[in-house]
Amino acid sequence: MAKINTAGVDTERVKERLDEHKTKMKLSLKACAHCTLCAESCFLYMARDKDPKYTPSYKFLNSIGLLYKKKGMVDKVTLGEIRDNVWERCALCTRCYCPLGINIPEMIALARSICREQGVYPRFDRE
Amino acid sequence: METSALFDFIRGPLAWISFIVFFLGLIFQFYRFFNLTKKNPHVIYNPRPRKKITGGSVQDFIKRASLSVFGVNPVMVIVTTVFHLCLIIAPVFLLAHNMLLKNAIGISLFSFSESFVDTLTVIFLFCGLFFLLRRILVARVRAITDWNDYFILFLATAPFITGYLAYHQTFADHYRLVISLHILAGELMLMAVPFTKFVHMVFFFVFRFVIESEYSLGKGDRTW
Ligand code: HEM
Ligand code: HEM
Ligand code: SF4
Ligand code: SF4
């Protein structure tokens, strides 16, 4: 297995954060039917010409879902991609609707919090 | 006669094992999910008091429906409702299943006619085909689809495909093989329910009914 370059990422701390919320997050990730019924409830999805990358489930699967899948072993580039999913593509307005009752904003918020701890967040002052 | 022993195992002990795994697994997962919730310590602030579901004019009802997910995705909501109803009604009220149940434990449920259940089976399979095509063709669904989604869809439809083939004696010379595959498929699906994506069934009942939110369907007096 190729070793990933986790330089600059405190993977132990990421793992710790993931473990704190493990039961709920993993059950939520498992229960998601991957049906995309949540898509239209997101105003950003509607405003971005229904770009699939704005589907709420796409955003939590490719952020917190990815972190659990990799068990916290992520590099800076991946964290940057997660950042785009949880900040650029989500305003955390908490209006998404999932028929199963999955708490999408909470999942995205946790991904944000983990990224922020690792120094990955939008720098409006610089960008 | 090695294969025969395998068939006997599939029809006998494995059937019991799968029922036990199914029911105990569901109870276990329900317990785990429920344990994630706690009594809401705050006074419930309800920004949008729930309208009475009963009563109201037909127009009111249509207006409510059109504002819900039904109004946004009518086809999907209809197909998924039919899919899930068939998924439960067809096997539970099937004469062949109830006869086996009667032989095994002496009690059985009411059964619909075989032709009716056969129709439900076909409808179910068309709904499954709809989901499959949607997964392949709709960009936003494809974007979040992985091999597990196809596997789960296969696991859910396999008992129906094999049950259909057995009932119609499509491969009459190999009936024993077909029915064994059916039973195996049914058992695998049952055992998978508590531990795979199928667990959304438990999730739905806990989180849409128990948790307080603007979308809760029940009393919703707990939080998480
Ligand atoms: C667990 C043990 C199971 C046993 C022993 C079993 C046994 C049978 C038998 C004997 C038949 C009748 C075939 C015929 O008429 O020749 C049948 C049909 C059928 N089974 Fe099962 N089954 C099992 C599980 C399941 C499950 C879990 C499902 C679905 C969720 C299922 C769905 C069906 C359907 C839909 C048919 C009828 C198909 C049709 O009439 O077109 N079965 N099964
Ligand atoms: C009784 C409670 C249940 C509820 C409220 C429920 C609800 C839902 C919802 C809202 C979806 C997403 C929409 C869709 O893709 O169709 C879904 C998908 C699905 N459900 Fe259920 N479900 C329940 C039980 C089950 C059970 C017991 C099974 C199978 C054993 C099952 C199998 C599936 C499958 C295979 C899909 C995905 C279809 C696809 O690939 O898009 N469901 N369910
Ligand atoms: S979050 Fe809910 S609505 Fe969105 S894809 Fe998952 S199960 Fe479907
Ligand atoms: S919280 Fe994020 S994903 Fe949910 S509706 Fe708002 S912007 Fe969309």
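The values are calculated or read from the model by the stated rules, or taken from the named source; none is laboratory data. Fair warning: this is a prediction, and the values are worked out from it, not measured in the lab. All Cβ positions, glycine included, derive from the backbone under ideal geometry; neighbour counts span all protein chains shown.
I need a count of the residues in region B:145-166 that are in contact (Cβ under 8 Å) with a residue 40 or more places away in the chain and either hydroxyl-bearing (S, T, Y) or within 14 Å of chain A (Cβ to nearest Cβ) (or both). Before you say what the answer is, go through the steps one by one.
Step one: filter region B:145-166 for residues in contact (Cβ under 8 Å) with a residue 40 or more places away in the chain, giving B:148-149, B:152, B:155-156, B:159-160, B:163-164.
Of the ones still in play, those that are also either hydroxyl-bearing (S, T, Y) or within 14 Å of chain A (Cβ to nearest Cβ) (or both) are B:148-149, B:152, B:155-156, B:164.
The total comes to 6.
Taking interchain pairs and intrachain pairs at least six residues apart, which have beta carbon atoms under 7 angstrom, with the first residue in region A:115-127 and of a type outside the set (G, A, S) and the second part of a loop (DSSP other than H, G, I, E, B) and at pLDDT 80 or above?
If the second residue must be part of a loop (DSSP other than H, G, I, E, B) and at pLDDT 80 or above, the pairs left are A:C115/A:Y121; A:Q118/A:V9; A:Q118/A:D10.
Residues of region B:170-209 being without any contact (Cβ under 8 Å) to a residue 40 or more places away in the chain and assigned to a loop (DSSP other than H, G, I, E, B), which ones?
B:T170, B:F171
Considering each residue of region A:81-115, count those that are of a type in the set (K, R) and in a helix (DSSP H, G or I), and give that number.
Within region A:81-115, the subset of a type in the set (K, R) is A:83, A:89, A:95, A:112.
After this cut, where a residue has to be in a helix (DSSP H, G or I) as well, the list is A:83, A:112.
Qualifying residue count for the region: 2.
Can you tell me which condition A:V86 does not meet? The list is (1) away from chain B (no Cβ under 14 Å); (2) free of Cβ contacts under 8 Å to residues at least 24 places away in the same chain, and all the others hold.
(2)
What about A:R112, is it more than 14 Å from chain B (Cβ to nearest Cβ) and more than 16 Å from ligand 1 (Cβ to nearest atom)?
The answer is yes for A:R112.
Can you name the residue in region A:103-127 that is under 12 Å from the mean Cα position of the chain (by Cα) and under 30 Å from B:T80 (Cβ atoms) and, of all such residues, is surrounded by the most Cβ atoms within 10 Å (Cβ to Cβ)?
A:A111
Kindly provide the set of residues from region B:9-23 that are without any contact (Cβ under 8 Å) to a residue 40 or more places away in the chain and either under 17 Å from B:V202 (Cβ atoms) or part of a helix (DSSP H, G or I) (or both), ordered by number. Before you say what the answer is, go through the steps one by one.
Our first condition is that a residue be without any contact (Cβ under 8 Å) to a residue 40 or more places away in the chain; within region B:9-23, this holds for B:9, B:12-13, B:16, B:20, B:23.
Residues satisfying the conditions are B:F9, B:P13, B:W16, B:I20, B:F23.
Kindly indicate which of B:A139, B:A185 is among the aliphatic types (A, V, I, L, M) and within 12 Å of ligand 2 (Cβ to nearest atom).
Working: B:A139 fails: within 12 Å of ligand 2 (Cβ to nearest atom).
One residue alone meets the criteria, B:A185.
When you go through (1) in contact with a Leu (Cβ under 9 Å, 6 or more places away or on another chain); (2) under 26 Å from B:V202 (Cα atoms) one by one for A:Y58, which number turns out not to apply?
If we test A:Y58 against (1) in contact with a Leu (Cβ under 9 Å, 6 or more places away or on another chain); (2) under 26 Å from B:V202 (Cα atoms), just (1) comes out false.
Pull up region B:114-138, narrow it to residues that are within 11 Å of ligand 1 (Cβ to nearest atom) and out of contact with any helix residue (DSSP H, G or I) (no Cβ under 8 Å at 6 or more places or on another chain), then point me to the one that is farthest from the other protein chains (Cβ to nearest Cβ).
Step one: of region B:114-138, the residues within 11 Å of ligand 1 (Cβ to nearest atom) are B:114-125.
From the residues that got through so far, the ones that are out of contact with any helix residue (DSSP H, G or I) (no Cβ under 8 Å at 6 or more places or on another chain) too are B:115-116, B:119.
On the way: B:S115: 31, B:F116: 28, B:T119: 25 Å.
Looking at the filtered set, the residue picked out is B:S115.
Quick one: which residue in A:L37, A:L66, A:L100 is farther than 20 Å from B:M76 by Cα and either surrounded by fewer than 23 Cβ atoms within 10 Å (Cβ to Cβ) or in contact with a Phe, Trp or Tyr (Cβ under 9 Å, 6 or more places away or on another chain) (or both)? If you could, list the steps in order and put the result at the bottom.
Details: A:L37 fails: farther than 20 Å from B:M76 by Cα; A:L100 fails: farther than 20 Å from B:M76 by Cα.
Going through A:L37, A:L66, A:L100 in turn, just one is farther than 20 Å from B:M76 by Cα and either surrounded by fewer than 23 Cβ atoms within 10 Å (Cβ to Cβ) or in contact with a Phe, Trp or Tyr (Cβ under 9 Å, 6 or more places away or on another chain) (or both): A:L66.
Yes/no matrix, rows are residues, columns are (1) more than 10 Å from chain B (Cβ to nearest Cβ); (2) part of a helix (DSSP H, G or I); (3) in contact with a strand residue (DSSP E or B) (Cβ under 8 Å, 6 or more places away or on another chain):
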{"position": "A:G8", "(1), (2), (3)": "yes, no, no"}
{"position": "A:R13", "(1), (2), (3)": "yes, yes, no"}
{"position": "A:R17", "(1), (2), (3)": "yes, yes, no"}
{"position": "A:T23", "(1), (2), (3)": "no, yes, no"}
{"position": "A:K26", "(1), (2), (3)": "yes, yes, no"}
{"position": "A:L37", "(1), (2), (3)": "no, no, no"}
{"position": "A:E40", "(1), (2), (3)": "no, yes, no"}
{"position": "A:G72", "(1), (2), (3)": "yes, no, no"}
{"position": "A:L79", "(1), (2), (3)": "yes, yes, no"}
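Which of the following residues is surrounded by 14 or more Cβ atoms within 10 Å (Cβ to Cβ), at pLDDT 95 or above and within 16 Å of ligand 2 (Cβ to nearest atom): B:V82, B:V117? Step through it out loud before you land on a result.
Details: B:V117 fails: within 16 Å of ligand 2 (Cβ to nearest atom).
Among B:V82, B:V117, only B:V82 is surrounded by 14 or more Cβ atoms within 10 Å (Cβ to Cβ), at pLDDT 95 or above and within 16 Å of ligand 2 (Cβ to nearest atom).
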